[in-house]
Amino acid sequence: MLSLALVPAAGADGTNYKWKDKEGNVHYTDCPPPPGCKAETVAAEPVPSEQQIRQARERVDKLLSEQQNLHALLMNRHVYYSNEKGERVFLDDAEHKAEIERQRQLVQDNCNNE
């Protein structure tokens with residue numbers, strides 16, 4: 001799956017901090033950490049454009065659809081598609097296996113850590 005890590009907007013001086021509390025929890029803040037906590041400064045990521053947000057949503061929707069298709073194929077049920085006449089055309093065993101591999105490759109190709 002995809003995950004997003006958000007860093008809060010930079011403080012007045014533009015600095016963000018990453019630090020761990022006594023329990024080992026990681027914090028990202030625009031305020032300096034409490035005394036005694038070792039902190040590192042981190043650069044704030046730029047706010048994505050509307051086009052980048054739209055493209056990310058489209059990509060997530062496509063990936064979810066591909067994963068659902070793969071899940072359906074793996075349930076070992078008869079699989080079919082509708083041809084141009086609206087008739088059901090069932091996949092034979094070889095086509096079924098080939099489609100599973102095609103769907104796996106689509107998910108692998110599109111599920112990277114960008």
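The values are calculated or read from the model by the stated rules, or taken from the named source; none is laboratory data. Worth saying up front: this structure is predicted, and the values here are computed from it rather than measured. Note that we place each Cβ from the backbone using ideal geometry, even for glycine, and neighbour counts take in every protein chain shown.
Restricted to region 78-96, and to residues there that are small (Gly, Ala, Ser) and outside any strand (DSSP E or B), the residue that is surrounded by the fewest Cβ atoms within 10 Å (Cβ to Cβ) is 86.
Each residue in region 1-53 was checked for being in contact with a strand residue (DSSP E or B) (Cβ under 8 Å, 6 or more places away or on another chain), outside any strand (DSSP E or B) and modelled with pLDDT of 80 or more, and 9 of them qualify.
For first residues located in region 47-68 and of a type in the set (D, E, K, R), partners that are assigned to a helix (DSSP H, G or I) and surrounded by 11 or more Cβ atoms within 10 Å (Cβ to Cβ) and lie 6+ apart or on another chain with Cβ distances below 9 Å form the pairs 59/110; 62/106; 62/110; 66/103; 66/106; 66/107; 66/110.
Residue check: residue 56 meets all listed conditions (1) of a type outside the set (Val, Ile, Thr); (2) at pLDDT below 90; (3) more than 30 Å from residue 92 (Cα to Cα); (4) assigned by TED's automatic domain parsing to the domain that holds residue 99 but one, namely (2).
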